[in-house]
Amino acid sequence: MEIAVQCQNPTADNNDCVVVGVYEGGTLSPAATLIDLASGGALQALINTGDFSGACGETQMLYQVPKIAAARVLVLGLGTHGKVKDSQFRKAALAAAHALQNARISRVSLHLLDTPVVRRSASALAKILVQAMAEVDYHFDQHKKPADKPQRAFGAMQLIVSEGNMAELAEVQRAAAEAHATARAVAWAKDLANEPGNVCTPAWLAGQAEAMAQRLGIKSTILGPDAMEALGMHLLLGVANGSRQPPRLIILEYWGGAEDQAPIVLVGKGLTFDAGGISLKPADKMEEMKYDMCGGASALAAIQAAAELKLPLNVITVVPASENLPDGQATKPGDIHKSMKGLSVEIVNTDAEGRLILADALTYVERFEPDVVIDIATLTGACVIALGHQTAAVLGNHEGLVHELIAAGKENMDRAWELPLFDEYQEQLKSPFADLSNVGGRPAGTITAACFLSRFTENYHWAHLDIAGVAWKSGENKGATGRPVPLLVEYLLRRARQVA
């Protein structure tokens with residue numbers, strides 16, 4: 001999809017379709033007003049029929065509107081004028097994208113940046129529009145036979161800025177470029193996560209990461225079991241014991257900043273399939289456990305966006321990749337493994353494996369002397385109970401980093417919410433046989449999982465994103481969401497602006 005930003009009168013816009021907004025009560029947006037005046041009242045006539053109320057997300061396609069250059073005009077309901085929230089604007093943007101896709105329109109102009117949205121600038125609205133169009137445009141059908149009438153991808157999208165506003169034009173162009181890179185990263189993260197477990201193995205995931213790195217000039221290093229053994233990564237190796245697929249540690253390094261700039265390190269959980277090991281999961285929805293590598297996919301996608309945008313930052317992504325399956329060599333409940341850090345861990349539940357592979361990876365990244373470390377993981381079902389499927393959890397040992405991630409998520413509508421990490425929760429991880437247990441019981445499961453990780457992050461500023469509730473959708477439209485890639489990219493963009 002090509003994206004352009006320009007000034008254009010909607011009446012002279014000759015794209016396949018122009019999109020203009022109408023509010024409840026019949027109030028026309030400035031662009032809609034111009035079309036209505038030029039056409040002799042075509043939009044007001046639609047409103048007068050009572051068939052279009054202007055409710056948020058309502059759409060009506062008009063064809064061959066008199067004295068309008070475009071072949072189609074999509075009228076989009078925006079809700080109550082002056083009270084439109086960003087969530088409502090996103091709802092309207094998604095509705096418009098679906099209507100355009102259903103009409104099989106390839107080239108479209110969006111005259112929507114003049115919409116007054118509470119606490120949102122035109123550049124922020126541009127990001128919402130780009131990401132909404134990309135979300136609707138995404139499809140994963142590589143393993144299906146070709147459709148008789150395949151979905152038609154959006155070819156070109158124009159974001160229209162009011163004429164004469166050159167400062168806003170430049171700002172929207174920047175925002176659109178950032179949103180486009182974010183959308184590509186989200187799509188790649190979805191592609192990686194949607195692949196089935198028989199395709200997306202640790203070695204395959206490492207190969208995809210290497211290919212991306214080579215394309216963008218990112219340094220890549222892939223470690224196998226022998227190197228992990230030499231490093232003492234017995235937690236990661238222990239999780240992989242039950243699988244015939246050898247684990248991989250994926251390390252990507254993007255050096256876009258100054259030589260003395262400490263790197264931002266992203267650590268993503270890469271469980272390419274999680275059956276739970278000996279602590280076997282229920283059969284219902286187990287096929288969705290291919291999504292247990294969404295944290296790893298997000299970390300890989302975020303560094304891709306950083307490289308494409310040429311951010312003046314040093315960013316490192318580390319993904320421990322493994323399967324968690326039961327067989328005769330699999331780790332058993334009650335087994336004790338020693339971590340790379342030297343702490344012994346009693347494996348009470350083999351289905352609490354994500355924190356184990358992350359622990360060794362979080363120890364490994366100390367060698368980079370990081371500025372901050374952010375880990376991303378589909379870690380706990382307790383997070384879904386606490387926050388549902390709308391919001392990720394964030395916990396950490398540095399208040400400033402946690403708040404920066406929350407702010408980035410709020411800006412890009414990929415929200416996270418802080419949970420406490422009080423020392424008292426550490427008591428639940430005590431083991432009579434090892435330095436700590438890998439589980440702390442049912443109470444505060446998301447918090448105790450983060451407490452476990454915190455034992456391996458004492459030497460740097462760290463935050464943990466539990467994305468178990470937001471990384472994929474179940475049901476008829478099941479699939480990866482690409483979250484929290486927008487949050488991570490926005491965080492990197494904000495850090496880049498601080499450097500600049």
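The values are calculated or read from the model by the stated rules, or taken from the named source; none is laboratory data. These figures come from a predicted structure and were not determined experimentally. Virtual Cβ from ideal backbone geometry, glycine too; neighbours counted across all protein chains shown.
Touching a residue at least 40 places away in the same chain (Cβ under 8 Å), under 12 Å from residue 380 (Cβ atoms) and not in a helix (DSSP H, G or I): does that describe residue 468? Yes.
Taking the stretch 249-345 as the region of interest, the strands (runs of 3 or more DSSP E) fully inside it that hold 1 or more residues being assigned by TED's automatic domain parsing to the domain that holds residue 491, surrounded by fewer than 24 Cβ atoms within 10 Å (Cβ to Cβ) and touching a residue at least 40 places away in the same chain (Cβ under 8 Å) are 270-274, 314-324, 336-338.
This table checks each residue for (1) small (Gly, Ala, Ser); (2) in contact (Cβ under 8 Å) with a residue 60 or more places away in the chain; (3) surrounded by 14 or more Cβ atoms within 10 Å (Cβ to Cβ).
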| position | (1), (2), (3) |
| --- | --- |
| 130 | no, yes, yes |
| 139 | no, no, yes |
| 145 | no, no, no |
| 157 | no, yes, yes |
| 161 | no, yes, yes |
| 167 | yes, no, no |
| 170 | yes, no, no |
| 176 | yes, yes, yes |
| 189 | yes, yes, yes |
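Farther than 25 Å from residue 283 by Cβ and among the acidic types (Asp, Glu), is that true of residue 323? The answer is no for residue 323. Looking across the stretch 117-128, the residues that are part of a helix (DSSP H, G or I) and touching a residue at least 40 places away in the same chain (Cβ under 8 Å) come down to 122, 123, 124, 126, 127, 128.
Here 354, 277 are screened, and the one residue that is within 20 Å of residue 206 (Cα to Cα), of a type outside the set (A, V, I, L, M, F, W, C) and over 17 Å from the mean Cα position of the chain (by Cα) is 354. Taking the stretch 198-212 as the range and being over 20 Å from the mean Cα position of the chain (by Cα) and buried (at least 21 other Cβ atoms within 10 Å of the Cβ) as the test, the residues that pass are 201, 202.
Once the stretch 475-500 is narrowed to residues that are modelled with pLDDT of 95 or more and among the small types (Gly, Ala, Ser), the residue that is nearest to residue 183 (Cα to Cα) is 482. From the list 476, 490, the one residue that fits, being in the same structural domain as residue 270 (by TED's automatic domain parsing) and touching a residue at least 24 places away in the same chain (Cβ under 8 Å), is 490. Hey, among the residues in the stretch 455-495 that are small (Gly, Ala, Ser) and in contact with a helix residue (DSSP H, G or I) (Cβ under 8 Å, 6 or more places away or on another chain), which one's surrounded by the fewest Cβ atoms within 10 Å (Cβ to Cβ)? Filtering the stretch 455-495 for residues that are small (Gly, Ala, Ser) and in contact with a helix residue (DSSP H, G or I) (Cβ under 8 Å, 6 or more places away or on another chain), the one surrounded by the fewest Cβ atoms within 10 Å (Cβ to Cβ) comes out as 474. In the stretch 217-224 there is at least one residue matching the filter, namely being among the small types (Gly, Ala, Ser), crowded, with 16+ Cβ neighbours inside 10 Å and over 21 Å from the mean Cα position of the chain (by Cα). For the stretch 151-173, the set of residues classified as over 16 Å from residue 133 (Cα atoms) and polar (S, T, N, Q) consists of 162, 165, 173, listed by residue number.
Count of the stretch 402-424 residues, restricted to those that are surrounded by 15 or more Cβ atoms within 10 Å (Cβ to Cβ), over 19 Å from residue 469 (Cα atoms) and out of contact with any Asp or Glu (no Cβ under 9 Å at 6 or more places or on another chain), is 2.
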